[in-house]
Amino acid sequence: MRFVTVSGPPAVGKTAVIIKTLEHIQGEGHKVGVVKFDCLATEDDVLYRKRGIPVRKGLAGALCPDHYFVSNVEECVQWGLATGLDMLVSESAGLCNRCSPHIRGVLAVCVIDNLSGTDAPRKIGPMLKAADVVVITKGDIVSQAEREVFAARVRMVNPQASILHVNGITGQGSYELGTLWSGTRETATVEGLKLRFSMPAALCSYCLGETRIGADYQLGNVRKMDLDLPTGAKTDGGPGGEP
Amino acid sequence: MSADLGGMTVETVLGRWPFAAQFLQEKGLANVLDRPDTALDVVVDPTVLQDMAAFIAEMEAFLGSGEEPVRELTIKGGRAKDGSPEPVAELTARAGEVLCIVGPTGSGKSRLLADIEWVARGDTPTGRHVLINGEVPDNRWRGGSGMHLVAQLSQNMNFVMDLSVRDFLSLHAESRQAPEPLEKIERIATWANELAGEPFAMDTPITSLSGGQSRALMIADIAVLSASPVVLIDEIENAGIDRRQALDILIQQEKIVLMATHDPILALMGDRRVVIGGGAMTKVIAPSAGERANLVELKALDARLMELRRRLRAGEVLDQI
């Protein structure tokens, strides 16, 4: 089974790109499936199912979405194999821009859109930087110059990736993207493989459900901003030092 | 290459590849620029060095594309949707030529364009092959170095960046690493103002330009700064822009212009028309002398219509046309 990890910021058109691309691969007689990772809610599984694409969804809920992804990805691969898929695609949103689900040895695709601003490629971080293929969407509504500037910014962050323009509505470019997906190697398990980039560090009191604000409640992996506060400023009790 | 790169001094690297400065700044390593005599591997760690080598290689490929211009593009016919051989077995478009593409929705216009963009090698649903300068081109046109064969312009496109015309053009010129950027920016603005007829200032935000001004700026910018040798135009609106001059600007810059249009005037401005149907190129029509003569007639009709529009706008009554 071929396995592809697709990531990208919310609302760039990941689902549309995946559907258009998988339709071509389905059309060639291959069985395709998707695992959709999200935080709180998603209806995208309905969109996949409508097109006859078997889908499983995972909602991270209170957990860090990427930690949740990496804790479940091997089971997802095994589900794909048990379902008899020829290709499995994982879709996950990089909700904090520090996220990256990409695995060494597994084709890594990052989807971003032309509307996200020229600084976006720099802000997105490891899911873009460590991708093999960068898909840029919504090119049909901005000028050629803006597309070129945006693509140049992407190239600056990730000089090695193939950059493809795909239209999620008409599907233009999705056939071509599909050829890159089909050309990737077989994956029987991701057990023992490594992430391309470490996950965001966690484990402070807030990870464990703390909701109160203040230095007294902050335990574990906590880091403070350097705000250059005047000496003697209260940082744990507000102005006047009210308890 | 990263090994060699590491041994060079910062000054040598920047002298050879000036764009490397931009890369270092992007990586938050601007301070490296202040140490020209230091070997690069002393100040830059190995992973960044590797990325830098890749970036330089890509940029060289990207900039080097100017050395061998795309003089012609050949499409070798494949098959129609029903599997029959494509009636037009071969079509070659040359730099400076305008090819119009006509055919109803769903006839395969988008697929034809996608085949060109992907430089098809019999590996798309149509089985077409696309050659550049008569040869099978290498992979760099497939997005590998961020190079794209086709620049696009359609009526749905808008500027979305919050920048003035000047800053916007500077940004584009910088991202293209264009030589003589100031001259290019001036030229784009001058041409765009000629095309639009309704001049705009360099400090106008691009998002406040009128429809005609935006289109004019997009066209002049594609002509001067776009890296793509092929320009695909999806109609040009018949208001606020001199369409003949717009095409001339692109032709002068040796672009291959493909124009999807059902506007008779635009269609007759083309050197040839490709008719698409059933997923295939069915016919190539070169406008006859009769058609060319009719273009004069059509333009006169168009001018009359425009005049009526002007009168309407001025609050006149159209009982006498």
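Bear in mind that the values in this text are calculations on the coordinates, not laboratory data. If you're wondering where the values come from, they're calculated on a predicted model, not measured in any experiment. All Cβ positions, even for glycine, are placed from backbone atoms using ideal geometry, and neighbour counts span all protein chains on display.
Structural remarks
- The H on the amide N of A:Thr187, modeled in the peptide plane, is under 5 Å from the matching H of A:Arg2, A:Phe3, each at least 5 residues off or on a different chain.
- Kirkwood-Stokes translational diffusion coefficient of the stretch A:6-83, alpha-carbon pairs, 10 °C, 1.306 mPa s, µm²/s: 119
- Once the Cα atoms are used to define both axes, helix A:144-157 deviates from the longest principal axis of chain A by about 70 degrees.
- Length gained on full extension, B:Asp319 to B:Asp4, computed as 0.36 nm times the residue gap minus the Cα-Cα distance: 105.5 nm.
- Pair B:Asp37, B:Glu60: separation of 7 Å Cα→Cβ label points (nm): 2.8
- Treating r as the C-beta distance of B:Lys283 and B:Arg310 and R0 as 45 Å, the FRET efficiency rounds to 0.75.
- All-pairs Cα distance distribution in the stretch A:37-153, expressed in whole percent, bin size 10 Å: 12, 37, 36, 14, 1
- From the C-alpha gyration tensor of the stretch B:25-126, square roots of 5λ in Å: 47, 16, 12
- The slack in the chain from B:Asp248 to B:Thr204, taken as 0.36 nm per residue of separation less the alpha-carbon distance, amounts to 13.3 nm.
- Set against the 2.2 N^0.38 Å expectation for a compact globular protein, chain B has a Cα radius of gyration ratio of 1.19.
- Set the Cα radius of gyration of the stretch B:156-226 against 2.2 N^0.38 Å, with N its number of residues, and you get 0.98.
- Cα-based equivalent ellipsoid, chain A: semi-axes from gyration tensor eigenvalues, Å: 36, 23, 16
- With a Cα cut-off of under 26 Å and a minimum spacing of 8 residues unless on different chains, the lysine pairs in the stretch A:100-243 number 6.
- Here is the size of the protein assembly as shown from its Cα atoms: Rg then Dmax, 26.9, 92 Å.
- Viscosity 1.306 mPa s, 10 °C: Kirkwood-radius Stokes-Einstein D of the stretch B:86-242 over Cα pairs, µm²/s: 91
- With the convex hull constructed from alpha-carbon coordinates only, the stretch A:113-206 shows a mean projected area of 8.7 nm² over all directions.
- The angle between the Cα long axis of helix B:46-64 and the longest principal axis of the Cα atoms of chain B comes to about 40 degrees, rounded to the nearest 10.
- Relative exposure of A:Cys96, A:Cys110, judged by other C-beta atoms within 10 Å (fewest first): A:Cys96, A:Cys110
- Fewest-first ranking of B:Ile241, A:Ile18, B:Ile206, using other Cβ atoms within 10 Å as the exposure measure: B:Ile241, B:Ile206, A:Ile18
- Rh by Kirkwood over Cα pairs, then Stokes-Einstein D for the stretch B:2-64 at 1.567 mPa s and 4 °C, µm²/s: 114
- Dividing the summed -39500 (n - 2.57) terms of all DSSP H runs of n ≥ 4 by the residue count of chain A sets its mean residue ellipticity at 222 nm at -8500 deg cm²/dmol.
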